[in-house]
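Have a look at the structure below, then the notes.
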2 protein chains.
Amino acid sequence: MTGTIHGVGLGPGDPDLMSVRADRLVRATRHIAYFRKRGRVGQARRLVEGMLRADAIEYAMDYPVTTEIPVADPAYMDRLSAFYAECTRHLAGLADAGEEVVVLCEGDPFFYGSFMHLHSRLAGRAPVRVVPGITGMSGAWTASGMPITWGEDVLTVAAATLPEAELTRRIRDTDALVVMKIGRHLPKLRRAVAAAGREAAAWLVEYAAMAEQRVMRLADAGDSAPYFTILLIHGQGRRP
Amino acid sequence: MTGTIHGVGLGPGDPDLMSVRADRLVRATRHIAYFRKRGRVGQARRLVEGMLRADAIEYAMDYPVTTEIPVADPAYMDRLSAFYAECTRHLAGLADAGEEVVVLCEGDPFFYGSFMHLHSRLAGRAPVRVVPGITGMSGAWTASGMPITWGEDVLTVAAATLPEAELTRRIRDTDALVVMKIGRHLPKLRRAVAAAGREAAAWLVEYAAMAEQRVMRLADAGDSAPYFTILLIHGQGRRP
């Protein structure tokens, strides 16, 4: 009997926003695995604190590199690729031994998630199931207290790592906007939003759905943002 | 003591994909309210079947019009506006009487949701809280078995009700795509996808996360689609 690898979305950051299915799988599993930055507890692991079986066996997958090497450097891709291959071997080995494994995923596993790199490698190697989750961006627009899209609004989701001119063009050409992966790109993002003439409508949400949650106008933000920061411009479409 | 109106996201269509918080609120509430097409049970109400208190009091909000009048007709906006105002009066009255009310919302309340029209009218009138949910589009890309966005992929979410040329332009100018509100616009959407040269990459998901779930290539679809249909083009971005 081969076990199944479950990629389980945990939602934006409050355990109460996990799905009923995710909650049940996390509490029942003997094997859990999760990504984290080396030396940190990791947000995914923190989210399930107090929920695990006493005999749970944890497999922490420490990224070999996060921001130390530029993404464009071939060494970055090489090191990550070898890392994902090693994680895949380990998880597939557990499945071969008949074990069920829950891989904890922040947000939704199929939306800019690290689990996708295991999912593609596990295909044909072990049974995989995915449990969707509430995305970080849903957490962010809920925190902002304003709906993100109305009627026929077009929503664009982009990463702040894009070139400034491309960001500006995208921000100009959409009704509603979500920007992720902000961090040290905040000054560039701010320039792009201003160039698109939309600074007055832009909001930053830090740590959505977490204890440290903060919502502010982009104009009131500093020059850097924590990893869990999302920029929002709310759509203004049709509303009876 | 004024009661609170809770706009509660129920997720894409499987009760198991409700959040733990949504599940708890639905089971505990005495007053629930939900939108539906006149004469139907309604998807939101169907989702909570078997979960309600025996003494639960239901307030069904029947849309006075859905597709009988064109959206562009002022009569459409007038009738919906009066309807939302009446629903707001009723719910605010319950809150004034100290009652907590759960308004059932398909997907995520702040993402193209009808609850938004109550939320904006209740502001300053009664306390409102929103519980985010897993979106229908997350349910759809999970059903497709393929991640929607990788690396720096730009995701565009649009409605099939947009003009054909605008749809074509949007489909050409994005990495990943989600199109909602398809229904009778499917032939137009298909032409737009073809004009953008992306028909081979396009998938339709009907009834994501529900018993009737179907995933098919756009090329294999007919000329109409049920209400719960989402078109997907998956991003092909960076993957170590």
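Summary of values
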quantity: Within 10 Å of each Cβ in A:154-166, the average number of Cβ atoms from other chains; calculated: 4
quantity: 3J(HN,Hα) from dihedral phi, the range A:111-124, Karplus parametrisation 6.51/-1.76/1.60, rounded to Hz, x for glycine, proline; calculated: 10, 6, x, 5, 4, 4, 6, 7, 3, 5, 7, 7, 4, x
quantity: Prolate/oblate/rounded call for the range B:133-240, Cα gyration tensor, a/c under 1.5 rounded; calculated: oblate
quantity: For the range A:174-179, Karplus couplings with θ = phi - 60° (6.51, -1.76, 1.60), whole Hz, Gly/Pro x; calculated: 9, 7, 10, 9, 10, 10
quantity: Nearest-first distances (nm) between copies at B:Ser81, label 7 Å from Cα via Cβ; calculated: 5.9
quantity: The range A:203-211 - phi-based ³J(HN,Hα) in whole Hz, Karplus 6.51/-1.76/1.60, Gly and Pro as x; calculated: 10, 10, 10, 9, 6, 3, 6, 10, 4
quantity: Using a 7 Å Cα-to-Cβ projection, A:Gly237 label spacings across copies, nm, ascending; calculated: 2.2
quantity: For A:Glu100, net neighbour charge (Lys/Arg +1, Asp/Glu -1) across residues whose Cβ lies under 13 Å away; calculated: +3
quantity: Cut-off under 5 Å, modelled amide H: who pairs with B:Ile57 long-range; calculated: B:His31, B:Ile32
quantity: Ranked A:Tyr112, B:Tyr84, criterion: other C-beta atoms within 10 Å, fewest first; calculated: B:Tyr84, A:Tyr112
quantity: The range A:5-131: relative contact order in percent, alpha carbon pairs under 8 Å with at least 6 residues between; calculated: 41 percent
quantity: Copy-to-copy label separations for B:Gly93, where each label sits 7 Å from Cα toward Cβ, in nm and ascending; calculated: 6.7
quantity: The protein assembly as shown: C-alpha gyration tensor shape, a/c 1.5 cut-off, then a/b vs b/c; calculated: rounded
quantity: Proxy reagent accessibility, fewest Cβ within 10 Å first, across B:Ile32, B:Ile57, B:Ile5; calculated: B:Ile57, B:Ile32, B:Ile5
quantity: Global geometry of the range A:1-88, whether rounded, prolate or oblate, following the gyration tensor of its Cα atoms and the 1.5 cut on a/c; calculated: prolate
quantity: 16 Å Cα-Cα reach of A:Lys37 towards lysines, excluding residues that sit fewer than 8 places from it in its own chain; calculated: A:Lys181
quantity: Value at 222 nm in deg cm²/dmol, rounded to 500, when DSSP H runs of n ≥ 4 in the protein assembly as shown each add -39,500 (n - 2.57); calculated: -9000 deg cm²/dmol
quantity: Sequence of A:Met216, B:Met146 once ranked by neighbouring C-beta atoms within 10 Å, starting from the fewest; calculated: A:Met216, B:Met146
quantity: Listed residues A:Pro70, A:Pro226, A:Pro147, most fluctuating in chain A (Gaussian network, C-alpha, under 10 Å); calculated: A:Pro70
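Just so you know, all these numbers are worked out from the coordinates, no wet-lab data involved. This one's a predicted model, so the numbers in the text were calculated from it and none came from an experiment. Quick reminder, even Gly has a Cβ in these numbers, built from the backbone with ideal geometry, and neighbours come from all protein chains shown.
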